[in-house]
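Asks: Here's a structure for you.
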Amino acid sequence: MNLQDVGEFGLIKRIRKRMSASDSAVIQGIGDDVAVIETANKALLVTTDILIEGIHFDRSWIDPYRLGKKALVVNLSDIAAMGGTPKYFLISLGLPKDLSLSFISSFYRGLKEEARRFCVDLLGGDTSLSQKIVINICLLGEGKKKDLLFRRGAKVGDDLFVTGTLGDAALGLKILQKKGLMRGPKGLIERQLSPYPRIQLGQAIGKRRLATAMIDVSDGLLIDTTHVLEESGVGARIWEERIPLSRLYRKWMHFYSKDLYQMALCGGEDYELLFTAPPEKRKKISALAHSLNVPITRIGEILPPQNGFYVTKKDGKEYSPSRLGFEHFK
Ligand code: ADP
Ligand code: MG
């Protein structure tokens, strides 16, 4: 057996089985968007994400300034998914020796702007020679233990909500990679190059006790829903036609697929929040959406585990998703 037989998530499951944390202060180890450690006052949050040239980005379509911003955003989004507050970060870089200093300077300019915007401080890192650019950030944050939202809290009967619109970043990537169309609208490309972490919204959902479980949509709606279902031990149904799509996505998706929902279901990197909440919270959730001016859409429901996970199409046909979304090594 090799890595492609088990895939990224199969590998993480194996690691998790062997390496469970022993310290009683660990509230959450492997298995959520961030690790959570109990401290005297607040919970400490820790997360890390890697971006590798040729895998996550290409220098032909992303400039160093945006790359610097995005490297931090993908980590900020995981803190948002817990309802936490980001605080400090470390950055490790693998860099080729012929890389220009101006590239690095623009990268740090983007990184600094994003760090200022979300009030996080860079505390250190590591630097090494590498054939391709490798960027790894480890971000620390904090939150009140009772405000935090885990993947494991979804209950049978809960609604399933998602913020913003889905599929835009994946469609933007296809346009950037010139897979299909040579050119496309800026709005879709921007969703891929300059994602936004839903920090304020995540905190509001946590503080107001509006949700039972939450995750950020980084790998794709189907795969990230599966993570919540597995951790919570429940099933779910998603109504396909309720999935929120942007005007640009609706206009451009047909160049890529006959299936309008394909990238909204399986495409990653939208960095929206997916959460579950009991039906009595619907009014408060809709009020929050209005007050923060962010669309929040009810797209599904949580079912008993024996029902499994399926998607209901407009014509009433149902299917259990098999090809879920992006997974490394698969
Ligand atoms: P996310 O998409 O939210 O960043 P991942 O799917 O990358 O989450 O990771 C899921 C969980 O597995 C997290 O708890 C993460 O810390 C953990 N994890 C990922 N890779 C490894 C690894 N190589 N060793 C140990 N834990 C890992
Ligand atoms: Mg995540």
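Asks: Just to be sure before I move on: is Leu201 at pLDDT 95 or above, within 16 Å of the chain's Cα centre (by Cα) and aliphatic (A, V, I, L, M) in the structure I sent?
Replies: yes
Asks: Can you name every residue in segment 67-113 that is surrounded by 20 or more Cβ atoms within 10 Å (Cβ to Cβ) and within 28 Å of Arg183 (Cα to Cα)?
Replies: Leu67, Gly68, Lys69, Lys70, Ala71, Leu72, Val73, Val74, Phe107, Gly110, Leu111
Asks: Sticking with this one: Given (1) over 18 Å from the mean Cα position of the chain (by Cα); (2) among the small types (Gly, Ala, Ser); (3) surrounded by 24 or more Cβ atoms within 10 Å (Cβ to Cβ), where does Ala264 come up short, assuming only one miss?
Replies: (1)
Asks: Please go through segment 206-221 and pick out each residue that is on the phi < 0 side of the Ramachandran plot and within 14 Å of ligand 1 (Cβ to nearest atom).
Replies: Ala213, Met214, Ile215, Asp216, Val217, Ser218, Asp219, Leu221
Asks: Can you name the strands (runs of 3 or more DSSP E) wholly within segment 70-147 that have at least 3 residues being more than 30 Å from Glu38 (Cβ to Cβ)?
Replies: 85-95, 121-129
Asks: Same structure again: Quick one: is Ala277 over 21 Å from the mean Cα position of the chain (by Cα), farther than 29 Å from Lys186 by Cα, among the aliphatic types (A, V, I, L, M) and modelled with pLDDT of 95 or more?
Replies: no
Asks: Collect the residues in segment 26-38 that are in contact (Cβ under 8 Å) with a residue 24 or more places away in the chain and over 19 Å from Asp224 (Cβ atoms), keeping them in residue-number order.
Replies: Within segment 26-38, Ile27, Glu38 qualify.
Asks: Something else: Go through (1) free of Cβ contacts under 8 Å to residues at least 60 places away in the same chain; (2) over 29 Å from Ile199 (Cα atoms) for Ser286 and report which single condition fails.
Replies: The number of the failed condition is (2).
Asks: May I ask you to say which residue of Asp49, Asp33 is in contact with an Asp or Glu (Cβ under 6 Å, 6 or more places away or on another chain) and within 16 Å of ligand 2 (Cβ to nearest atom)?
Replies: Only one candidate passes the filter, namely Asp33.
Asks: On to the next question. Take the conditions over 15 Å from Ile137 (Cβ atoms), more than 16 Å from ligand 1 (Cβ to nearest atom), in contact with a helix residue (DSSP H, G or I) (Cβ under 7 Å, 6 or more places away or on another chain) and among the hydroxyl-bearing types (Ser, Thr, Tyr) and apply them to Ser102. Does it pass?
Replies: No: the conditions fail for Ser102.
Asks: A further question follows. Starting from segment 155-181, take each residue that is more than 21 Å from Ile215 (Cβ to Cβ) and list its partners that are of a type in the set (Val, Ile, Thr) and in a helix (DSSP H, G or I), counting only C-beta distances under 7 angstrom and pairs at least six apart or across chains.
Replies: Short answer, once both residue conditions are applied: Gly172/Ile189; Ile175/Ile189; Leu176/Ile189; Leu181/Ile175.
Asks: Step by step: first the residues of segment 229-243, then only those that are under 14 Å from Ser320 (Cβ atoms) and small (Gly, Ala, Ser), then the one that is surrounded by the fewest Cβ atoms within 10 Å (Cβ to Cβ). Which residue is that?
Replies: Gly235
Asks: Considering segment 1-41 alone, what residues qualify as being part of a loop (DSSP other than H, G, I, E, B) and either of a type in the set (Gly, Ala, Ser) or crowded, with 17+ Cβ neighbours inside 10 Å (or both)?
Replies: Ser20, Ala21, Ser22, Ser24, Ala25, Gly29, Gly31, Asp32, Asp33, Val34, Ala40
Asks: Do the conditions hold for Leu176, that is, is it surrounded by 19 or more Cβ atoms within 10 Å (Cβ to Cβ) and aliphatic (A, V, I, L, M)?
Replies: No.
Asks: Among the residues of segment 76-99, is any among the acidic types (Asp, Glu) and either at positive phi or within 14 Å of ligand 1 (Cβ to nearest atom) (or both)?
Replies: Yes, segment 76-99 contains a residue that is among the acidic types (Asp, Glu) and either at positive phi or within 14 Å of ligand 1 (Cβ to nearest atom) (or both).
Asks: Name the single residue that is nearest to ligand 2 (Cβ to nearest atom) among those in segment 214-245 being closer than 21 Å to Asp259 by Cα and assigned to a strand (DSSP E or B).
Replies: Val217
Asks: Could you list, ordered by first residue, the pairs with Cβ atoms under 8 Å in which the first is in segment 199-225 and over 26 Å from Phe309 (Cα atoms) and the second is in a helix (DSSP H, G or I) and within 16 Å of ligand 1 (Cβ to nearest atom), at least 6 apart or interchain?
Replies: Pairs found: Ile199/Leu76; Ile199/Ile79; Ile199/Ala80; Leu201/Ala80; Gln203/Ala80.
Asks: Continuing with the same structure: In segment 21-35, how many are in contact with a Gly (Cβ under 8 Å, 6 or more places away or on another chain) and either near ligand 1 (Cβ under 7 Å from one of its atoms) or under 18 Å from Ser232 (Cα atoms) (or both)?
Replies: Here the count works out to 2.
The values are calculated or read from the model by the stated rules, or taken from the named source; none is laboratory data. Because the structure is a prediction, the values reported are computed rather than measured. Here the Cβ is made from the backbone with ideal geometry for all residues, glycine too, and neighbour counts use every protein chain on show.
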